[in-house]
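Let me begin by presenting the structure, written as structure tokens, before commenting on it.
The values are calculated or read from the model by the stated rules, or taken from the named source; none is laboratory data. Model, not experiment: these values are computed from the prediction. All Cβ positions, even for glycine, are placed from backbone atoms using ideal geometry, and neighbour counts span all protein chains on display. Heads up: the accessible areas ignore ligands, DNA and RNA and are worked out on the full protein's heavy atoms, side chains in. Shrake-Rupley method; radii C 1.70, N 1.55, O 1.52, S 1.80 Å.
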Amino acid sequence: MSKLGKYLIFLGKLFTNPEKFRVYLALTFQECVDIGINSVLIVAIVSSFLGAVTCVQTAANMDNPFVPQYIISLIVRDSTILEMGPTITCVVLAGKIGSNIAGQLGTMRITEQIDALEVMGINSRSYLVLPKIIAAVITFPMLVTLACFLAIYGGYLAGWLTGAISPQEYIKGLQFQFKGNYMIFALTKSVVFAFLIVTISAFKGFYTKGGAYEVGTASTAAVTNSCIAILIADYLLAQLLVG
């Protein structure tokens, strides 16, 4: 409970005594590149193969002749949009981005760069963390949208190349009883997960004490705690928005 209280106080101080808007604007653009653009490759690889594997494995288990073939792509579509797209993508990003943020802030803490900012009268929490939050909230929905598209397209290619499902049947399954609110649900999850990943990782890095070993420990804790928070938030959002 003490860590939770410290985390909530940390969040509150992010929005007190902020810097000028133009300062955050430049920092946010740089963070969008670091968080968003530099993560496109790993997101593309993971999502494409997840969609392909889902399609092939679903087809292998759909051996009942009375089940229409287009059900395969319907399962790929719904599982990708509801779960694999936002959740698996953000778990991967927690490992890449969360460890980077915790390591960066942890190194700044042990080298007294954060102390120097505070001596100059700068709100170090707001200056260092707020642009990361804004950038993550902007770029994570884009990455999740890309992941959903590539996963569905990866399933299309895998089904076509293996002969598990014809392209016509795959497209029919994608269009069958599609619910647009599923994408709203996926994007809502991506925004919540983005906030959790950045704030938890920044919290772990900001309060690092010691040396290089402690920085590594903080990075590990940031990733594990972010993944746990993502899974808990995933369940709660499913209950609130779908259940």
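So the values come out like this:
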{"quantity": "Only listed residue being part of a loop (DSSP other than H, G, I, E, B), of a type in the set (A, V, I, L, M) and more than 23 Å from Ser48 (Cβ to Cβ), chosen from Ile138, Ile134, Ile122", "calculated": "Ile122"}
{"quantity": "Which listed residue, of Lys96, Lys132, is out of contact with any Pro (no Cβ under 7 Å at 6 or more places or on another chain), of a type in the set (D, E, K, R) and surrounded by fewer than 20 Cβ atoms within 10 Å (Cβ to Cβ)", "calculated": "Lys96"}
{"quantity": "Check on Gln69, polar (S, T, N, Q), part of a helix (DSSP H, G or I) and either open to solvent by 40 Å² or more (accessible area, probe 1.4 Å) or free of Cβ contacts under 8 Å to residues at least 40 places away in the same chain (or both)", "calculated": "no"}
{"quantity": "From Tyr153, Tyr182, residue being open to solvent by 50 Å² or more (accessible area, probe 1.4 Å), assigned to a helix (DSSP H, G or I) and more than 28 Å from Leu11 (Cβ to Cβ)", "calculated": "Tyr153"}
{"quantity": "Residue pairs meeting the criteria (Cβ under 8 Å; at least 6 apart or on separate chains; first in contact (Cβ under 8 Å) with a residue 24 or more places away in the chain, in region 111-130; second exposed (fewer than 13 other Cβ atoms within 10 Å of the Cβ) and assigned to a loop (DSSP other than H, G, I, E, B))", "calculated": "Asn123/Thr16; Asn123/Asn17; Ser126/Phe15; Ser126/Thr16; Ser126/Asn17; Leu130/Phe15"}
{"quantity": "Filter result for the condition that a residue is aromatic (Phe, Trp, Tyr) and closer than 30 Å to Ser79 by Cβ, over Tyr207, Tyr127, Tyr156", "calculated": "Tyr156"}
{"quantity": "Pairs where the first residue, in region 133-152, is under 15 Å from Tyr182 (Cα atoms) and the second is open to solvent by 50 Å² or more (accessible area, probe 1.4 Å) and in a helix (DSSP H, G or I), C-beta under 6 Å, 6+ apart", "calculated": "Pro141/Leu187"}
{"quantity": "Region 223-243: number of residues that are open to solvent by 90 Å² or more (accessible area, probe 1.4 Å) and among the β-branched types (Val, Ile, Thr)", "calculated": "2"}
{"quantity": "Members of region 156-179 found to be open to solvent by 50 Å² or more (accessible area, probe 1.4 Å), of a type in the set (S, T, N, Q) and outside any helix (DSSP H, G or I), listed by number", "calculated": "Gln177"}
{"quantity": "Residue in region 20-42 that is at pLDDT below 85, part of a helix (DSSP H, G or I), farther than 22 Å from Lys189 by Cβ and among the β-branched types (Val, Ile, Thr) present", "calculated": "yes"}
{"quantity": "Residue list for region 1-19, restricted to those being among the aliphatic types (A, V, I, L, M), part of a helix (DSSP H, G or I) and more than 23 Å from the chain's Cα centre (by Cα)", "calculated": "Ile9"}
